[in-house]
Amino acid sequence: MQAIDYIVLVSYFVIMIAIGLWAMRRVSDQEDYFMGGRGFGKLLQTFAAFGAGTGAHEPVQVGRTVWTSGLSGVWSALMWLFVTPIYWITAVWYRRMRHLTLGDWFVERYQSKTMGVAYTLFAIVFYMFYLSTMFSAIAKFAVPLIGVETGLFGYELRYTLIPLIAGVVIVYGVLGGLTAAYWTDLIQGLFIIMLSVLLIPYGLWQLAERLADEGSGTLMDGFRLMHERVSPDYFNLFSGPSSGEFPIQYIISLSLLGMVGIVVQPHFIATGGGSAKSEDEARIGLVVGNFLKRLCTVGWALTALIALALFAGSTEIAADPDRVWGVAAREILGPLNLGLVGLMLACLLAAMMSSADTYMIVTSALVVRNVYAAYIDPNATEKQYVFLGRLTGLLIIVGAAAVSLTYADVFGQFKMAMELPILFAAPFWVGMYWRRANRTAVWGTILFSLLFFFVLPVVVPALRPELREDPTLATTTEVVTKSFERPATESDVARYDAWQNALRELESRFEPDERESDRYQLLLKSLGASPPQATLGEPIVITLKSGGASIFWRDGVIPVDESGEPLAAPQTEFVSEESDEDGMTIRTERIVGAQRGKGSLNLDFLLYSLAGFDLSTASKATLETLRLPARLLTPFLVLIVLSYLTRRDDEATLDRYFAKMNTPVRADPTADREALETAYADPNATAKRKLFPGSDLEFVWPTSKDVIGFVLSCIACFVIISFLTWLAGIGA
């Protein structure tokens, strides 16, 4: 980075802090601090939803998966696309709750203050892991840009960068509350959009100038040359050899799991519509903001394809594909010396900070409202509550930074964060629509989910370590090797050279006797399999190996000999070999010999085994898909059964709750309070639109606005897919 890049970066930090100081003067009570006075219109709600929903890890993640899997890798972030239409419905819920936290909703709906505490603990753990992925991603992105691996006192750069970023977020978020977060989100949202498109034209121009015979070219030349340098199978969104990581059934399962779990992510009470002036602002802000993110995802995918065409020979990326964005930004924007490298880093920081500030404030609201006010001092003044909110806001940022610094497995952090909402998803959905659901049943469901999905998978192997050696539990899927011929492209030639250079560089860092160490093997594994040696235009054999995944152990299995010592590679036996009509050879092998399980035990797959299912032929994506029924359906079934077996909650309280949820929000606070009092006086009057009058089911007839908005949102999903396909096909 040049001096001008650092000037741009420092200016960005100063502006964020200044906004926090400005917003601090507007805060007088909890509603101002935690909800911004519920006075936000469509523009700020849109960018709040966009900013909070766009994490710094996502451009980096898409860059990696598109680099390794082709265009289909975009589903690592675009999996949320088909969830977006649901937001048109859920945004109304968050506004009609009229609460400051989702913990307040659980307290009211299930008449249990303790449930608010449980939800607060969930939120703290969830955000520590989720935000830590963003801190880790920024550290990966910044190293190529800054050009150094180490920071202060000789430690890795992330030990300097992560605390610095955390400090800036804490300053402006703690000072200004949600108002500061939303105004900074507006600015940061524009930065994120810039992040998503800035590299595309410059990258295409650089591609054309580097590779065109005449020494210069147009954007169309760049698109054409991108297709010439990158194999056609890398441009398939749903099919083709490179899309095996994200088959259609896996995309559907991820979408369903995301739809069920995302509604209980704590920040949705604010960005999901709770801070909006009215229901229309809530709906439009949440849906438009998230579709804006989907469009940015299209830009991230195209940028990764351009990077693949330009930098397939990068040893740096071959050693760590997470650095695709950093290397691309440095090599494309750096030579211009216009401060664009600093701007690009500021853009990625914006993607993280626009999420972190909202998460911090939402978490502090939960601690204040559902712990301090509920159990410690319910009679504290508004100033005391706001002061405590500022103090507790530090908790989530400091915790996330600590997790990032001590647990730098970005994918592991992300998986942990995505699975935690299982605990509260079923109580939320069922409680929204079924009066019979009660607090006893909900506590039973939370306890079941906690034990079955998080505690027992770890505790059982700890108590019974011999299970790790059990041959039945050591079962793996079959190893499938697919191979086919195609002409070598320039990127194929460059990738082979880069891989070899990365391997030589890795070997130079370790003495021969050190190459059996776990660290060396981990770094070697991160390189992936060697690409085929290629000569431009000559046929090469592309080999795609999959399978060999453990069915019952979360972190896989390792082959061992008779004495229990690890082996370098598993033993396999031949099963079959065949060729399809496209000339692809498919060879199947089975892993044999003793194996030792690693990590936690997949209890849900034990149920499949007991039911007689043979999962040895399943792909990795299919195994992930089969995790869906247990995680998606079991908590719902447990909650419904327990609700029938336990006593109902107080009917008068439920009448008031459903009367409130069926009363549209008025933009004027006084008029809204009057409408609520009328509804509370006669709860039956609000039940006229029920689909099943006189029953425990609380579904209501949809309005024309409900239907039209939902249908248009569904159409928008297919428009975005068509746009991505068209864009990637330009120049083919």
Whole-Hz ³J(HN,Hα) from phi, Karplus 6.51 cos²θ - 1.76 cosθ + 1.60, for segment 423-436, glycine and proline x: 4, 10, 5, 4, x, 6, 5, 5, x, 6, 10, 10, 5, 6
Trp553 long-range amide H proximity, modeled H, under 5 Å: Asn602
In segment 245-307, the GluC sites (Glu not before Pro) that fall in loop regions by DSSP, at most 10 other Cβ within 10 Å: none
Compactness of segment 562-668, expressed as Rg and Dmax over alpha-carbon positions, Å: 25.3, 75
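Find the eigenvalues of the gyration tensor of the Cα atoms of segment 57-121, then list the square roots of 5 times those eigenvalues as equivalent ellipsoid semi-axes, largest first, in whole angstrom. Present the calculation step by step, with values, prior to reporting the outcome.
Values: eigenvalues 265, 49, 13 Å².
Calculated on Cα positions only, the semi-axes equal 36, 16, 8 Å.
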Within the chain, percent of DSSP bridges classed antiparallel, to nearest 5: 95
Cross-link partners of Lys525 among lysines (Cα-Cα below 30 Å; sequence separation of 8 or more within a chain): Lys140, Lys415, Lys482, Lys545, Lys598, Lys620
Share of carbon and sulfur in the accessible heavy-atom surface of the chain [1.4 Å probe, %]: 62
Size of segment 658-702 as Cα extents on the principal axes (Å, biggest first): 32, 22, 12
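Give, rounded to the nearest 20 debye, the magnitude of the charge dipole that the chain has about its Cα centre when Lys and Arg contribute +1 at Cβ and Asp and Glu contribute -1 at Cβ. Don't skip to the end; give the middle numbers.
On the way: 57 positive and 71 negative charges, 561 e Å.
Its charge dipole is roughly 2700 debye.
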Built amide H within the under 5 Å cut-off of Ala594, gap 5+: Val560
Phi to ³J(HN,Hα) by Karplus 6.51 cos²θ - 1.76 cosθ + 1.60 over segment 704-714, Hz, x for Gly, Pro: 4, 5, 4, 5, 4, x, 5, 5, 5, 5, 5
Largest-first principal axis extents of the Cα set of segment 663-732 (Å): 66, 32, 17
Nearest-ten-degree value, helix 669-681 long axis tilted from longest Cα axis of the chain: 70
Cα Rg, Dmax, segment 591-732, angstrom units: 24.8, 73
Per residue Cα convex hull volume in Å³ - calculated over segment 607-655: 82
Sequence-distant residues sharing a close amide H with Arg486 (under 5 Å, placed H): Ile540, Ile542
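Arrange the residues Arg504, Arg666 by how much accessible surface each exposes, largest first, with a 1.4 angstrom probe. Could the numbers behind the result be given before it?
On the way: Arg504 130, Arg666 100 Å².
Correct descending sequence by accessible area is Arg504, Arg666.
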Translational diffusion coefficient (Stokes-Einstein; Kirkwood radius from C-alpha pairs) of segment 534-613 at 10 °C, 1.306 mPa s, in µm²/s: 101
Label corresponding to semi-axes √(5λ) of the Cα gyration tensor in Å when calculated from the structure given, among (1) 38, 31, 26; (2) 43, 33, 25; (3) 45, 29, 26: (2)
³J(HN,Hα) computed for each position of segment 720-732 - Karplus, 6.51 cos²θ - 1.76 cosθ + 1.60, integer Hz, glycine/proline x: 5, 4, 5, 5, 5, 4, 5, 5, 5, x, 4, x, 5
Solvent-accessible area per residue for the chain (1.4 angstrom probe, square angstrom): 42
Principal-axis tilt of helix 3-24 within the chain, Cα atoms, nearest 10 degrees: 10
Estimated 222 nm signal from helices in the chain, with DSSP H stretches of n ≥ 4 weighted -39500 (n - 2.57), rounded to 500: -20500 deg cm²/dmol
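The values are calculated or read from the model by the stated rules, or taken from the named source; none is laboratory data. Bear in mind that the values here come from a model prediction, so they are computed numbers and not experimental data. A quick note on method: Cβ atoms are made from the backbone with ideal geometry, for glycine too, and the neighbour counts reach across all protein chains shown. Heads up: the accessible areas ignore ligands, DNA and RNA and are worked out on the full protein's heavy atoms, side chains in. Shrake-Rupley method; radii C 1.70, N 1.55, O 1.52, S 1.80 Å.
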